[in-house]
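Trainee: Have a look at this one before I ask anything.
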Amino acid sequence: MKILKFIERFFPKLFIGIWLNNGRYYLTSKKTLPSGKISIKNISFDKDAELEKMFDFLAKAQIENVVTYIGLIDNSKFQGAIPVVETKAYLWFSEINDYQDFDDILFKREREGWTLFSLKTEILQSQNIFKKAGLDFIFSPFLIPIAIQKRFQLPKNTSIFILAEKDLTIFSIFKGDKLLFGRYIDDVDLNEVFIEESKDEIEDNQLFQFDELDKNIDSSAKFKNQSDSTFFNEDEIELDDLEIDQFDNLDKRDKNLLDLDDLILKVEDDNRVRSEAKGIEELQNFLDNDMKEENDFEETQQILGDMDLNYELIYQAIKTGVKTFYGNDIFESDFIENCYILTGLKISNSFIQQIEDEFSFETEKIRIELSELVVDLIGEELG
C-alpha cells in the first residue's frame, strides 16, 4: 500500500462521485495533477435511457487515468445511523428491531463511536449495476454532514443536519464528527406515525403560507442578520418564479389581507379549511387546491405548489426528531444550537425564519451538489 501511494504521487488522480436522484445519475469528476492543478466536471445521465452512455464515460475516464477512484451514495430505502457501537445495543432502536430479516442488515462502525447500517441486498444490487465500471466506495448519506462541516469549517457544536433532495431526506444531529441522532425520513412513515400530534398545530399556524412573508422579508432585521452568513446566499433562495404583481388583486378583496396576523386569523376562522387539512397528504392538497375557487389566489397557489422543497416533510422531521432526541433516554441529549438544511432545491427565506422562531436555533441553508461531496468523501477515505 505504501509503495502504491508513492507511485500515485507521480500520476494524475481522478475521483468520480455519483448519486442517483429523480431518475438521473449525477456525476462529479475531480482531476488532480501532480503539479497541484485541479479540474472539475459535472455531468448527468438518465438512469434508463443513458445508462450505457454513463458506463462508456466511466470506462474512458479509467483508461485515460491510471489512478481513478469511483464512489457512490447509498440510496437504500432501509438505512440509518445510530449512536452506539455495541452489537447488543442495536436492537434498542425500533427501525432495526422491527425489521424482519436482521441478518440482511449490514453494520459499519465509525471511529467516533457510532454505527451506520444498510441492507446487504441493496448494497449488492448497487455493486451489480456498476459491475462494468467498478465501484471503489459506497458511502452512506449520513457521512455528508461530516463532509459539510469540513468543507465550510462549521463550528463543532451540537447541530441538526437535514439532507433534503427529491429522492433522499435524512435527519441527523452531530456534535463535530460524533453522531448523536440519525433518521432516514420517509413520507409514509411520517404520515402514519406523526400525523395526529402535528396536524392541529399545522392547521392553526399555517406554517407553509410563505407568499406573504417573502414579500416583506427583506425589511426584517432578523433576516438581515441571518443573511450575513457565509452559507446563506440570498440570490440562490429567492422565489425566482414568483411574480409579486400577482398579489395586486389582493387589495381589491381586503387591504388588510397582506398582514400575516390577519391572514392567520382568517384561516383559523375558516372551518372548511381546518376540516380539509388532515395530515401531510391533505395539507399538501390544501396548499395546492384549497383556494382554486378564489380567483385572486389561484395563480399564487399554483406557484407555491411548484416549489421544490417539501416543507411539510422537513418541518415534521425537525419537530419529531427533536422531540425523540430529547425524550428518549437512549440518546445522549445535548443543547441544539444550529440547524443546517443541505439541499440543491429552492427554499423560501421565510421557512428558514419560521424554523428559527419555532425551535429557537439558528437555521441556515447550505446549497450543495451531492456528487461533489462524494468526491470529498473519497479524498477523506484515502487520507
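The values are calculated or read from the model by the stated rules, or taken from the named source; none is laboratory data. A quick note: this is a predicted structure, and the numbers were derived from the prediction, not measured. Cβ sites come from the backbone with ideal geometry, for glycine too, and all protein chains shown count toward neighbours.
Trainee: Identify the residue in segment 42-68 that is β-branched (Val, Ile, Thr) and not in a helix (DSSP H, G or I) and, among all such residues, is nearest to Leu119 (Cα to Cα).
Mentor: Of everything passing the filter in segment 42-68, Thr68 is nearest to Leu119 (Cα to Cα).
Trainee: Right, another one. Quick one: which helices (runs of 4 or more DSSP H) lie wholly within segment 124-233 and hold at least 2 residues that are at pLDDT 95 or above and out of contact with any Pro (no Cβ under 9 Å at 6 or more places or on another chain)?
Mentor: Counting at least 2 such residues, we get 144-152.
Trainee: Could I ask something else about it? Among the numbered criteria (1) closer than 30 Å to Trp114 by Cα; (2) in a strand (DSSP E or B), which one does Tyr90 miss?
Mentor: Condition not satisfied by Tyr90: (2).
Trainee: Let me ask you something else. For segment 105-115, indicate whether the set of residues that are crowded, with 20+ Cβ neighbours inside 10 Å, in contact with a Phe, Trp or Tyr (Cβ under 9 Å, 6 or more places away or on another chain) and free of Cβ contacts under 8 Å to residues at least 40 places away in the same chain is non-empty.
Mentor: yes
Trainee: Given the criterion modelled with pLDDT under 95, surrounded by 14 or more Cβ atoms within 10 Å (Cβ to Cβ), within 28 Å of Gly71 (Cα to Cα) and not β-branched (Val, Ile, Thr), identify the matching residue among Leu345, Leu373.
Mentor: So the residue among Leu345, Leu373 that is modelled with pLDDT under 95, surrounded by 14 or more Cβ atoms within 10 Å (Cβ to Cβ), within 28 Å of Gly71 (Cα to Cα) and not β-branched (Val, Ile, Thr) is Leu345.
Trainee: Return the residues of segment 325-342 that are part of a helix (DSSP H, G or I) and surrounded by 15 or more Cβ atoms within 10 Å (Cβ to Cβ); say none if nothing qualifies.
Mentor: Within segment 325-342, just Phe325 meets the criteria.
Trainee: Here's another thing I want to ask about it. I want to confirm something. Restricting to segment 45-84 and keeping residues that are of a type in the set (Gly, Ala, Ser) and surrounded by fewer than 17 Cβ atoms within 10 Å (Cβ to Cβ), which single residue is nearest to Thr169 (Cα to Cα)?
Mentor: By that ranking, first place goes to Ala49.
Trainee: Report every pair of residues separated by at least 6 positions or lying on different chains whose Cβ atoms are under 6 Å apart, first residue within segment 355-375 and part of a loop (DSSP other than H, G, I, E, B), second surrounded by fewer than 17 Cβ atoms within 10 Å (Cβ to Cβ) and at pLDDT 95 or above.
Mentor: Phe361/Glu337; Phe361/Asn338
Trainee: Residue check, Lys30 against (1) over 13 Å from Phe130 (Cβ atoms); (2) in contact (Cβ under 8 Å) with a residue 12 or more places away in the chain; (3) not in a strand (DSSP E or B), all met but one. Which one?
Mentor: Checking Lys30 against (1) over 13 Å from Phe130 (Cβ atoms); (2) in contact (Cβ under 8 Å) with a residue 12 or more places away in the chain; (3) not in a strand (DSSP E or B), the one that fails is (3).
Trainee: Determine whether Gly71 is out of contact with any His (no Cβ under 6 Å at 6 or more places or on another chain) and in a loop (DSSP other than H, G, I, E, B).
Mentor: Spelling it out, it is not the case that Gly71 is out of contact with any His (no Cβ under 6 Å at 6 or more places or on another chain) and in a loop (DSSP other than H, G, I, E, B).
Trainee: Can we say Phe181 is of a type in the set (A, V, I, L, M, F, W, C), out of contact with any helix residue (DSSP H, G or I) (no Cβ under 8 Å at 6 or more places or on another chain) and within 26 Å of Leu309 (Cβ to Cβ)?
Mentor: Here the answer is no, as Phe181 does not meet what is asked.
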